[in-house]
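Bear in mind these aren't lab numbers, they're just calculated from the coordinates by the rules spelled out. The model shown is predicted, which means the values in this text are computed figures rather than measured ones. Counting neighbours? That spans all protein chains shown, and the Cβs are built from the backbone with ideal geometry, glycine included.
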Amino acid sequence: MNEEIKSIINKVKQSRNISLEQLKLLLEINDDEGVHFIREEAVKVCQKTYGNQVLIRGLIEFTNFCKNDCYYCGIRRSNSQADRYRLTKEQMLDCCANGYELGFRTFVLQGGEDGYFTDDKICDLVSAIKEKYSDCAVTLSIGEKSKESYKRYFDAGADRYLLRHETADEAHYKKLHPEEMSLAHRKQCLWDLKEIGYQVGCGFMVGSPGQTVETLYEDLQFIRELQPHMVGIGPFISQKDTPFADKASGTMEQTLKLLAIIRLIHPHVLLPATTALGTIHPKGRELGILSGANVVMPNLSPVNVREKYKLYDNKICTGNEAAECRYCMENRMKSIGYEVAVSRGDYIE
Ligand code: 5AD
Ligand code: FES
């Protein structure tokens, strides 16, 4: 295979950094051997820290109301086609009980930016879950809030927070979001979360409209700066009732390469093989793990609301019970030589 490519990959791995030129070359690789090499290197790096364990998180999508209007997202406020719902506290605790039985030790509460869920309500939910399941981690993924709010959730027991930065390039950010949202604020939220003591996750979509090698380079530089504990990336997939309905989706090949590159520059990161990746290819999640990812996030939401939390079209698993996905995932991971861990799955320094 191409010796130049091999030497770039080794350099990236050793320096835990990548230049724009190197990124360009790696994203252009399209021979099987080259792609295999980079993915295998990423898997080796990941296994050094996490072995053949895949960490699972139970995702509870508890509200699809959102005050934001991101152009790519199916639950944006202007989407009048979205059938809005909120879960009750009891429903969420039922999801956790079910999830605990199934071996989940991390619950991810994800939702749109929904004013109904005041800080008091969020703190009440978090402390109720932590009280019942003191051996579990609670992850919040509820968007941009004030530092004071983040601190309150943390004091109530929240352990982790996911807030994808979406793109680290100012001009690109403007193409994806309406005027009232800003990259500077988004980044500030991530720094605040980190300072408070959360394990934080940033991330972006692969192939979002307007993304270029240059914007991806900035994403990787931002990841190097922030040193997050988690990075969530998955392909952009168009949603029919959004302004981006007719935009092309991201590809699996680019997503796998970027997973591998992120693993190489940030060896200990918790890196999910996302549902979006499983949506664009039937073996997407397995291939994600085989490119350096080490987390999967099956859904614990009640089946009757799954269809409604559609950030993008054709989302998988909307008709499956939590238990089905749990065992499906175990089998999928076994098929590639991995085991699903029954543990909180914390970041390993
Ligand atoms: N395709 C893929 N991912 C999407 N997200 C939102 N809309 C889409 C879409 N159309 C991602 C965003 C957000 C996360 C919860 O889901 O990156 O941060
Ligand atoms: Fe949901 Fe396979 S993970 S059915």
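Each label was represented as a point 7 Å from its Cα along the Cα-to-Cβ direction; for Ser80 and Thr212 these points are 3.7 nm apart.
Were the residues from Lys147 through Trp191 laid out at 0.36 nm apart, the gain over their Cα-Cα distance would be 14.9 nm. Annotation: Cα Rg of region 99-148 relative to the compact-globule expectation 2.2 N^0.38 Å equals 1.21. Ordered from longest to shortest, the equivalent ellipsoid semi-axes for region 262-349 are 23, 15, 13 Å, each the square root of 5 times a Cα gyration tensor eigenvalue.
Normalised by the number of residues in the chain, the mean separation of alpha-carbon contacts (under 8 Å, six or more apart) gives a relative contact order of 25 percent. Using the rule -39500 (n - 2.57) for each DSSP H run of four or more residues, divided by the residues of the chain, the 222 nm mean residue ellipticity is -13500 deg cm²/dmol.
Within straight-line reach of Lys310, meaning a Cα separation under 13 Å, sit the following aspartates and glutamates at least 8 residues removed in sequence or on another chain: Glu61, Asp83, Asp241. Quick one: pull the percentage of alpha-carbon pairs in region 111-217 with a separation above 21 Å. Across region 111-217, Cα pairs with separations above 21 Å total 40 percent. Between Asn17, Asn320, Asn30, the residue with the greatest mean-square fluctuation in the GNM of the chain (Cα pairs under 10 Å linked by springs) is Asn30. Sorted into 10 angstrom bins from 0, the C-alpha pair distances of the chain split as 6, 26, 37, 25, 6, 1 percent.
Couplings 3J(HN,Hα) of region 284-295, computed from phi: x, 5, 4, 5, x, 4, 7, 10, x, 6, 9, 9 Hz, in residue order, whole Hz [Karplus 6.51 cos²θ - 1.76 cosθ + 1.60, θ = phi - 60°; x for Gly and Pro]. P(r) tail, region 1-155: Cα-Cα pairs separated by more than 25 Å, 54% of all pairs.
Cross-link pairs exceeding 29 Å in C-alpha to C-alpha distance, out of Lys308/Lys334; Lys67/Lys194; Lys121/Lys283; Lys89/Lys308, comprise Lys308/Lys334; Lys121/Lys283. With a cut-off of 16 Å on the backbone N, the residues of region 15-46 near the modelled label site 7 Å out from Glu253 along Cα-Cβ are 24-39. Springs between Cα atoms under 10 Å define the GNM used for the chain, and in it the highest mean-square fluctuation of Arg263, Arg332, Arg285 occurs at Arg332. When both bridge partners sit in the chain, DSSP labels roughly 5% of those beta bridges antiparallel. For Lys247, a cut-off of 16 angstrom between C-alpha atoms picks up these lysines, skipping any fewer than 8 places away in its own chain: Lys175. Percent of Cα pairs in region 178-237 per distance bin of 5 Å, from zero to the largest separation: 4, 16, 24, 27, 20, 8, 2. Applying 1/(1 + (r/R0)^6) with R0 = 25 Å to the Cβ-Cβ distance of Glu324 and Ala128 gives a FRET efficiency near 0.40.
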